[in-house]
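Next up is a structure, given as structure tokens.
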Amino acid sequence: MDSPTEVLIAGAGPVGLTAALDLARRGIAVRLVDAAPGPATTSRAIATHPRTLEVYAQLGVADEILRRGRRITGFALYRDGRRLARLAADYTAMPTAFPFTVAIDQIVTEEVLRDALRAQGVEPEWGVRLESFDQDDEEVTVHLRHGRRAERCRVPWLIGCDGGHSTVRSVLELPLIGESRQTWLLADGQVETDLPPDSIYWIRARRTTMMAVPFIEPGRWRMLDTVDVDYDGDPARLAGRLTTKLTAGLGRHTFVHPPAWVSVFTAQQRMVPRMRDRRCFVAGDAAHVHSPASGQGMNTGIQEAYNLGWKLAMVHRGQAADALLDTYGAERVPVGAELLTSTDKATRFVQLSNPVADLALPVVFAAVSHLAPLRRKMQSKMLGAVSGLNLEYSASALTLDSAPGPVPRPGQRLTCRVAGPAESPAERALAAELRAAQWSLLVAEPGEDVRELLATARTRYGAWLSVRTMDSRGSSDAGSLPDRDGRLRASLHLPDDAWILVRPDGYVSTRGQRLNREALDALPARLGLIRTTERI
């Protein structure tokens, strides 16, 4: 049957929900289907890192995520009953409004995203399986299964967020390249311990490695064992084993109650070489699967969905050439490759199966604890690898003039300059601007000639471009970000008449010292954002 749907998304996990939410808030008619009979009821990913929190802020769900999660601000290492070090989460070198990781059950994350999607008038369709599809130059013909009932529909676009066993990836014949890794055991349950619930704990005992992460619910912890992974189905017996190991590793009595959820799995390290096939895309676990050692899988998938959403909306509306969609894979495939490398290193670090490295631990972490420069370097390296804050698109076709210069440079996050709870009125206005789902052109203290040019730009490109000025005079102009104290302009390194162009996902595309007609005329065409040759 015919369908009014503009984008069909297979998979109603966090990645599919993010894609649906972002597209729906941009006015795209989206349909979200999932073969499962209903929302997940068992625990999976729990770590939400700072860059993902920035995405949530732009989607308008960050406050609810923070309310329902626990902030993690440190990483503590124990070995055979002694604490070797605690590394605080120092984000000084990577400024963000969210300098912490949030421990939140994926079940809760999905609830928050579903509620936000419901507010956009979209509900996931459970028990609807995508069986097959084919595509032509105009649309994708999709075959769905509702129990015994079959449905055929034609949609302009299809996004596969349908997990590690993705049907979309399989039909597109995208190879999942890589290998399997070690088998691990995960368990969630109540733990009686006096450990401060503000850190991730890495625990060595009896030549085995464990990790423990606190949830927001009192006494509830996620435990991970990298060596003793056998589980016979008896939660009480497993609880006894975990109690013995944690007590020995932490050097304090720790009692684990029978876990409410246990999972034994073999970590994979695999990814696809491309993420687009004409009118079809893959994201999240459909594009890459890997070890959960650094908790990046869900975060990476959510950031992929956010990278794709605004591009797909612009192309579908005719505001950009089809080539804009090629930048999705061009930007995100290298991220996936780097993810496999970083998670492989994290896996080796967590397991620490090398006896020599194990013996060196006390020496290494004694030095880290007492030498501040070494500690900061190690913190920065670890945080940069998992937080997503160091990710840049400097090589992207959407990054113009990426030569060294003031920060944020083209390819970097503008969100690195949005402050936290004590932000100024201008910074609050900028945060709101980043939620507006458009490209943003920010101009500092423009002269009258530039103001006239900007007025014309608003009229000509207002469908996709938001034009804002930063004024010290407190202008009543609707496009003004009042910046009386100059704090925002200083943080963005923008002198008078300087400008910066920001993508809808918060990354800087380009910037310049003085905006003129020639520069403004050239921008849309250089970015492929208009099909016409009209000029301002």
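Of the conditions (1) assigned to a loop (DSSP other than H, G, I, E, B); (2) modelled with pLDDT of 85 or more; (3) surrounded by fewer than 15 Cβ atoms within 10 Å (Cβ to Cβ), residue 496 satisfies every one except a single condition; which number is it?
Residue 496 satisfies all of (1) assigned to a loop (DSSP other than H, G, I, E, B); (2) modelled with pLDDT of 85 or more; (3) surrounded by fewer than 15 Cβ atoms within 10 Å (Cβ to Cβ) except (3).
Just checking, how many residues over region 320-340 are of a type in the set (A, V, I, L, M, F, W, C) and either under 15 Å from residue 503 (Cβ atoms) or not assigned by TED's automatic domain parsing to the domain that holds residue 284 (or both)? Even if it seems obvious, please write down each step before you answer.
Of region 320-340, the ones of a type in the set (A, V, I, L, M, F, W, C) are 320-321, 323-325, 330, 333, 335, 337, 339-340.
Subsequent filtering for residues that are either under 15 Å from residue 503 (Cβ atoms) or not assigned by TED's automatic domain parsing to the domain that holds residue 284 (or both) retains 320, 324-325, 330.
Qualifying residue count, region 320-340: 4.
Quick one: is residue 51 within 24 Å of residue 506 (Cα to Cα), touching a strand residue (DSSP E or B) at 6+ places or on another chain (Cβ under 8 Å) and of a type in the set (D, E, K, R)? Before the answer, list the steps.
On the way: within 24 Å of residue 506 (Cα to Cα): yes; touching a strand residue (DSSP E or B) at 6+ places or on another chain (Cβ under 8 Å): yes; of a type in the set (D, E, K, R): yes.
Judged against the criteria, residue 51 is a match.
Determine which single condition residue 119 fails, assuming it passes every other condition in (1) surrounded by fewer than 19 Cβ atoms within 10 Å (Cβ to Cβ); (2) closer than 27 Å to residue 48 by Cβ; (3) among the small types (Gly, Ala, Ser); (4) in contact (Cβ under 8 Å) with a residue 40 or more places away in the chain.
Going through (1) surrounded by fewer than 19 Cβ atoms within 10 Å (Cβ to Cβ); (2) closer than 27 Å to residue 48 by Cβ; (3) among the small types (Gly, Ala, Ser); (4) in contact (Cβ under 8 Å) with a residue 40 or more places away in the chain one by one, residue 119 breaks only (4).
Any residue at all in region 140-147 that's assigned to a loop (DSSP other than H, G, I, E, B), at pLDDT 95 or above and not β-branched (Val, Ile, Thr)? Give the steps one after another, and end with the answer.
To start, the set of residues in region 140-147 that are assigned to a loop (DSSP other than H, G, I, E, B) comprises 147.
Among the residues that remain, those that are also at pLDDT 95 or above are: none.
No.
Among the residues of region 202-210, is any surrounded by 19 or more Cβ atoms within 10 Å (Cβ to Cβ) and over 23 Å from residue 182 (Cα atoms)?
Checked region 202-210: no residue is surrounded by 19 or more Cβ atoms within 10 Å (Cβ to Cβ) and over 23 Å from residue 182 (Cα atoms).
Might you check whether a residue that is under 30 Å from residue 240 (Cα atoms), modelled with pLDDT under 95 and either polar (S, T, N, Q) or not in a strand (DSSP E or B) (or both) occurs anywhere in region 200-207?
Yes, region 200-207 contains a residue that is under 30 Å from residue 240 (Cα atoms), modelled with pLDDT under 95 and either polar (S, T, N, Q) or not in a strand (DSSP E or B) (or both).
Out of all the residues in region 516-530, is one or more closer than 22 Å to residue 58 by Cα, β-branched (Val, Ile, Thr) and either at pLDDT below 85 or surrounded by fewer than 22 Cβ atoms within 10 Å (Cβ to Cβ) (or both)? Give the derivation first.
At the first step, the residues of region 516-530 found to be closer than 22 Å to residue 58 by Cα are 529.
Now restrict to residues that are β-branched (Val, Ile, Thr): none.
No, there is no match, as no residue in region 516-530 is closer than 22 Å to residue 58 by Cα, β-branched (Val, Ile, Thr) and either at pLDDT below 85 or surrounded by fewer than 22 Cβ atoms within 10 Å (Cβ to Cβ) (or both).
Might you let me know whether region 404-417 holds any residue that is modelled with pLDDT under 80, part of a loop (DSSP other than H, G, I, E, B), exposed (fewer than 13 other Cβ atoms within 10 Å of the Cβ) and outside the structural domain of residue 503 (by TED's automatic domain parsing)?
Our first condition is that a residue be modelled with pLDDT under 80; within region 404-417, this holds for 404, 415-417.
Those still in the list that are part of a loop (DSSP other than H, G, I, E, B) too: 404.
Within this subset, residues satisfying the condition of being exposed (fewer than 13 other Cβ atoms within 10 Å of the Cβ) are 404.
Checking which are outside the structural domain of residue 503 (by TED's automatic domain parsing) leaves us with 404.
Within region 404-417 (the criterion being modelled with pLDDT under 80, part of a loop (DSSP other than H, G, I, E, B), exposed (fewer than 13 other Cβ atoms within 10 Å of the Cβ) and outside the structural domain of residue 503 (by TED's automatic domain parsing)), the answer is yes, since at least one residue qualifies.
A follow-up question, please. Let me spell it out: the conditions are (1) within 24 Å of residue 278 (Cβ to Cβ); (2) in a helix (DSSP H, G or I); (3) of a type in the set (Gly, Ala, Ser), and residue 27 meets all of them except one. Which number is the exception?
Condition (2) is where residue 27 drops out.
Only residues that are of a type in the set (A, V, I, L, M) and modelled with pLDDT of 90 or more: list them for region 418-449, please. If you could, list the steps in order and put the result at the bottom.
Here is the first cut: in region 418-449, the residues of a type in the set (A, V, I, L, M) are 418-419, 422, 426, 429-432, 434, 436-437, 441-444.
Scanning region 418-449 gives 441, 442, 443, 444.
Which of the residues belonging to region 92-133 are modelled with pLDDT under 95 and of a type in the set (Gly, Ala, Ser)?
93, 97
Per-residue answers, yes or no, for (1) touching a helix residue (DSSP H, G or I) at 6+ places or on another chain (Cβ under 8 Å); (2) assigned to a strand (DSSP E or B); (3) of a type in the set (Ser, Thr, Tyr); (4) without any contact (Cβ under 8 Å) to a residue 60 or more places away in the chain:
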site: 131; (1), (2), (3), (4): yes, yes, no, yes
site: 158; (1), (2), (3), (4): yes, yes, no, no
site: 182; (1), (2), (3), (4): yes, yes, no, no
site: 188; (1), (2), (3), (4): no, yes, no, no
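Let me ask something else about it. Can you pull out the residues in region 211-238 that are surrounded by fewer than 20 Cβ atoms within 10 Å (Cβ to Cβ) and in contact with a Pro (Cβ under 7 Å, 6 or more places away or on another chain)?
Hits for region 211-238 are 235, 236.
Could you please find all residues in region 241-261 being closer than 17 Å to residue 80 by Cα and assigned to a loop (DSSP other than H, G, I, E, B)? Break it down stepwise before answering.
If we filter region 241-261 for residues that are closer than 17 Å to residue 80 by Cα, which is where we start, we get 241-255.
If the condition is that a residue be closer than 17 Å to residue 80 by Cα and assigned to a loop (DSSP other than H, G, I, E, B), then 251, 252, 253, 254 are the ones that fit.
Continuing with the same structure: When you go through (1) part of a helix (DSSP H, G or I); (2) over 20 Å from the mean Cα position of the chain (by Cα); (3) surrounded by fewer than 18 Cβ atoms within 10 Å (Cβ to Cβ) one by one for residue 314, which number turns out not to apply?
In the conditions (1) part of a helix (DSSP H, G or I); (2) over 20 Å from the mean Cα position of the chain (by Cα); (3) surrounded by fewer than 18 Cβ atoms within 10 Å (Cβ to Cβ), residue 314 misses (3) alone.
While we're on this one: Give the residues of region 34-87 that are assigned to a strand (DSSP E or B) and under 13 Å from the mean Cα position of the chain (by Cα), sorted by residue number.
Correct list: 47, 48.
Looking at 267, 323, 337, can you tell me which residue is surrounded by fewer than 21 Cβ atoms within 10 Å (Cβ to Cβ), more than 20 Å from the chain's Cα centre (by Cα) and under 30 Å from residue 200 (Cα atoms)?
267
Checking the conditions here, which among 295, 309 is in a helix (DSSP H, G or I), touching a residue at least 12 places away in the same chain (Cβ under 8 Å) and not acidic (Asp, Glu)?
Working: 295 fails: in a helix (DSSP H, G or I).
Among 295, 309, only 309 is in a helix (DSSP H, G or I), touching a residue at least 12 places away in the same chain (Cβ under 8 Å) and not acidic (Asp, Glu).
If residue 164 meets every condition in (1) surrounded by fewer than 18 Cβ atoms within 10 Å (Cβ to Cβ); (2) at pLDDT 95 or above; (3) touching a strand residue (DSSP E or B) at 6+ places or on another chain (Cβ under 6 Å); (4) within 30 Å of residue 69 (Cα to Cα) apart from one, which number is that one?
It is condition (2) that residue 164 fails.
The values are calculated or read from the model by the stated rules, or taken from the named source; none is laboratory data. Just so it is clear, the model here is predicted, and its values are computed rather than measured. Please note: Cβ atoms are built from the backbone with ideal geometry, for glycine as well, and neighbour counts cover all protein chains shown.
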